[in-house]
Every structure is written in C-alpha cells, then in structure tokens.
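See below for the structure under consideration.
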Amino acid sequence: MSRPIYATFDGAALRHNYLLARRRAPGAKLWAVIKANAYGHGQMRAAAALADVADGFALLEVSNAIALREAGYQHPILLLEGFFSSSEVPLLEQYRLTPVIYCREQLEMLAVAVRPMPIYLKLNTGMNRLGLVPSDMPWVWKRLGDLLLDDVTLMTHFADADGPRGVAAQMDHFRAMAGGWAGRISLANSAALLRYPGTHGDWARPGIMLYGGSPFADQSALDLGLQPVMSLESRIIGIQELEAGQSIGYGASFTTTRPTRVGIVACGYADGYPRHAPTGTPIAVNGVLTRTLGRVSMDMLACDLTAVPEGKLGAKVTLWGKGEGGDVPADDVATAAGTISYELFCALAPRVPVKEI
Ligand SMILES: *Cc1c(COP(=O)(O)O)cnc(C)c1O
C-alpha cells in the first residue's frame with residue numbers, strides 16, 4: 001500500500017460555490033480566479049469543473065493562459081498582473097488574453113500590438129501595491145486614444161473588504177480617479193462580492209469563496225453556504241499509549257498530564273500542513289473531532305485519540321475539508337495556525353496525490 005495521504009477535489013462543490021457567487025452578484029459577470037494553480041486545487045481541474053458555468057478565468061502567467069487555450073477553453077482570460085515585457089504582447093494577441101495594465105510602462109509596451117486589444121486599467125485606490133495613480137490619469141486617457149484602445153475596463157482591488165475599514169474610502173478614490181467614466185468596471189474580490197453589493201460592477205473577481213474558504217474572520221464558510229472543495233486526508237500509522245508526564249515530538253513542546261492515547265498521522269509540513277499549527281489544532285479521526293498534539297514534523301504529526309475509541313491503526317483522518325475521517329473546516333485549521341485558508345490550500349505539496357470525487 002502506498003503512503004496513505006491524499007487530497008480530494010470536489011468539482012461539484014466548486015461549481016456550487018461559483019453559482020452561489022453568481023446569485024449574490026446577479027448583475028455582474030464573474031471572473032473565476034484560478035491563479036496560483038487554482039489556489040492549490042489544480043488549474044486544469046478547476047477550469048474543467050467550471051467550464052460550462054464560468055464567464056471567464058483570471059490568472060497570472062501567460063504560459064498558464066496558453067495552456068487553457070491549448071486545452072480548448074474559449075472563455076475570456078484576464079491576466080491579473082498583465083505582462084512583464086513587450087515580447088509577450090504578440091502572445092496576448094495570438095491567444096486573446098486581456099491584460100491588466102497597472103503602470104505607464106505597460107501601456108506604452110502595447111504600442112507594439114498589431115491591433116487594439118481589450119485591456120483592464122488598474123487604479124491604485126489605497127492598496128498601494130500596483131496601479132495607476134491620479135497624476136497618471138491625464139496621460140493615460142490621452143494614450144488610450146493614441147493607441148485606439150477603446151475596449152477598456154477600469155478596475156481596482158480592495159485592501160480591507162473583509163475588515164473594519166471596508167471599501168468606502170477606496171470607492172471614493174475610485175470615483176474620483178475615474179472621473180465621469182461610464183464604461184465597464186471591475187472591483188470586487190470575494191469579500192466585497194459578499195458584503196458590498198455596491199461593488200459588483202460589471203465583472204467581479206471571486207477567488208477564495210469558489211474554493212469554499214470564508215474571506216471573513218467573523219463568518220464561517222458554512223454560514224455563507226459555501227462547500228469545501230479540497231479535503232486533505234490520511235490515516236493513523238502509529239499509536240502511542242503514554243503515561244502522564246511524557247512528551248511528544250520535536251522540542252518536546254507538549255507533555256501529557258494524564259494517560260493519553262496518541263495517534264501518529266502520515267501528514268507533515270512537507271505535505272503542506274502548516275508547521276506552525278500548535279497543539280489543539282482541530283483534526284478529525286474516524287468521524288470524531290479531536291486535536292493535534294505537539295509539533296508538526298516533516299512527514300508526521302500527532303493527535304489525541306483519548307476520546308476516539310475507534311482511533312486505531314489505519315483509522316481515517318481528515319486534516320481539513322469534508323472527508324472520510326470527518327469534517328474539519330479549513331478556516332478553523334488556518335485560524336489555529338495563525339494563517340488563512342488561502343495559504344493552506346496553496347501550500348498543498350506536489351507529493352500529495354489528488355483524487356477527483
Ligand atoms: C486574487 C485576486 C482576487 C481574488 O481574491 P479573493 O480574496 O480570493 O476573492 C481578485 N482580484 C485580484 C486582483 C486578485 O489578485
């Protein structure tokens with residue numbers, strides 16, 4: 001038998017979440033954000049699951065966009081960081097890719113294009129990462145005319161749509177920079193799509209919600225009606241019956257205070273499980289929610305089987321998601337580990353086989 005760890009991918013859940021996003025933003029089209037290998041779920045797997053519902057796909061690399069075209073997808077494709085040199089411009093034309101333009105230099109590089117192409121213009125309204133600033137705009141409006149670029153969508157990205165600052169200040173900046181713009185706009189990530197209907201615009205850009213992660217610290221995926229798409233599953237490969245006063249794993253960071261049955265799980269940080277997950281991180285064994293114990297090692301971690309009578313050698317374990325070992329929201333694992341479900345999903349290691357369910 002092979003090492004018992006695997007991930008599952010639930011394409012029906014991905015479609016469910018996409019359609020939920022559509023119901024929440026009925027007036028907008030939706031880019032399915034499949035950057036970062038579809039948040040670790042597999043770009044081609046995600047594209048296949050969404051092919052008949054998605055309005056378009058958004059990702060980063062020209063090479064990955066070309067892979068979609070070569071697999072036959074005709075959907076609009078948005079390159080969220082545009083392009084990085086003028087040598088890529090012919091590829092944008094050949095493969096009908098829509099670049100995000102976030103600086104004057106990129107717009108200037110489009111002068112080598114044979115024909116005008118659709119573009120997104122990214123405005124910096126407060127994230128202060130990428131985007132045109134107010135002093136760029138007079139030049140930009142003029143260059144759009146020179147380059148005959150008339151298929152333009154204005155976009156921005158929110159820094160705190162999931163947090164207390166919300167979107168109001170960035171919306172004000174956006175309106176000020178856009179002037180009397182009556183063309184298409186694209187503003188919302190998952191958090192804005194769910195919380196601020198006024199941001200839906202013409203095209204929203206949901207990412208994490210498609211994969212069943214909540215964008216909010218104060219609202220669960222379950223409450224939002226989202227379904228987990230990825231689960232990470234393994235088995236108990238060793239049992240330790242410890243007395244009180246014995247410690248577990250590297251650094252002896254956990255010491256028992258009572259007799260404890262410990263299960264050793266074939267999953268470690270080299271599989272993508274967060275090494276910073278402390279004792280007490282939720283994990284399910286044979287349908288029972290329990291907790292991890294001690295430090296996560298490269299290929300193994302330990303869990304408490306004291307209250308899991310069926311937690312025997314070979315018992316099924318779910319690290320996150322809805323699996324054969326039980327139900328463990330990825331957001332809860334992420335919170336315990338001081339991170340967000342985005343990072344858990346993206347970190348899934350290539351050595352973990354994926355089964356489509
Ligand atoms: C990643 C990304 C998104 C999706 O964000 P989520 O929080 O995952 O919904 C939307 N827009 C841009 C520009 C992005 O880079």
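Observations on the structure shown:
- Selection count where residues are part of a loop (DSSP other than H, G, I, E, B), in contact with a Leu (Cβ under 6 Å, 6 or more places away or on another chain) and more than 30 Å from LEU14 (Cα to Cα), scope region 270-321: 2
- Index of the failed condition, LEU187 passing every other in (1) more than 17 Å from ALA13 (Cβ to Cβ); (2) surrounded by fewer than 24 Cβ atoms within 10 Å (Cβ to Cβ); (3) in contact (Cβ under 8 Å) with a residue 24 or more places away in the chain: (2)
- PRO99 passes every criterion in (1) touching a His at 6+ places or on another chain (Cβ under 8 Å); (2) part of a strand (DSSP E or B) apart from (1).
- Some residue of region 241-258 being within 16 Å of the ligand (Cβ to nearest atom), surrounded by fewer than 17 Cβ atoms within 10 Å (Cβ to Cβ) and either more than 22 Å from LYS316 (Cβ to Cβ) or in contact (Cβ under 8 Å) with a residue 24 or more places away in the chain (or both): no
- Which listed residue, of GLY245, GLY212, is touching a Gly at 6+ places or on another chain (Cβ under 9 Å), more than 26 Å from PRO134 (Cα to Cα) and either at pLDDT below 95 or among the small types (Gly, Ala, Ser) (or both): GLY212
- In region 203-212, of all residues being part of a loop (DSSP other than H, G, I, E, B) and near the ligand (Cβ under 8 Å from one of its atoms), the one that is surrounded by the most Cβ atoms within 10 Å (Cβ to Cβ) corresponds to PRO206.
- Tally, over region 174-198, of residues that are within 16 Å of the ligand (Cβ to nearest atom), under 25 Å from PRO138 (Cα atoms) and not in a loop (DSSP other than H, G, I, E, B): 4
- As a summary of the residue check, CYS267 satisfies the conditions (1) crowded, with 17+ Cβ neighbours inside 10 Å; (2) not polar (S, T, N, Q); (3) not in a loop (DSSP other than H, G, I, E, B) except for the one numbered (3).
- Checking SER234 against (1) of a type in the set (Gly, Ala, Ser); (2) at pLDDT 95 or above; (3) surrounded by fewer than 21 Cβ atoms within 10 Å (Cβ to Cβ), the condition it does not meet: (3)
- The listed residues are ALA178, ALA169, and the only one of them that is surrounded by fewer than 19 Cβ atoms within 10 Å (Cβ to Cβ), touching a residue at least 24 places away in the same chain (Cβ under 8 Å), in contact with a strand residue (DSSP E or B) (Cβ under 8 Å, 6 or more places away or on another chain) and of a type in the set (A, V, I, L, M) turns out to be ALA178.
- Among (1) within 16 Å of the ligand (Cβ to nearest atom); (2) without any contact (Cβ under 8 Å) to a residue 12 or more places away in the chain; (3) on the phi > 0 side of the Ramachandran plot; (4) not polar (S, T, N, Q) - the single one PHE84 does not satisfy: (3)
- Annotation: of all residues in region 220-234 being polar (S, T, N, Q) and within 17 Å of the chain's Cα centre (by Cα), the one that is nearest to LEU20 (Cα to Cα) is GLN227.
- The single condition from (1) part of a loop (DSSP other than H, G, I, E, B); (2) farther than 17 Å from PHE174 by Cα; (3) at pLDDT 95 or above; (4) not hydrophobic (A, V, I, L, M, F, W, C) that THR125 fails is (2).
The values are calculated or read from the model by the stated rules, or taken from the named source; none is laboratory data. Everything quoted here is computed from the prediction, not taken from an experiment. Here Cβ is always computed from backbone atoms with ideal geometry, including for glycine, and neighbour counts include all displayed protein chains.
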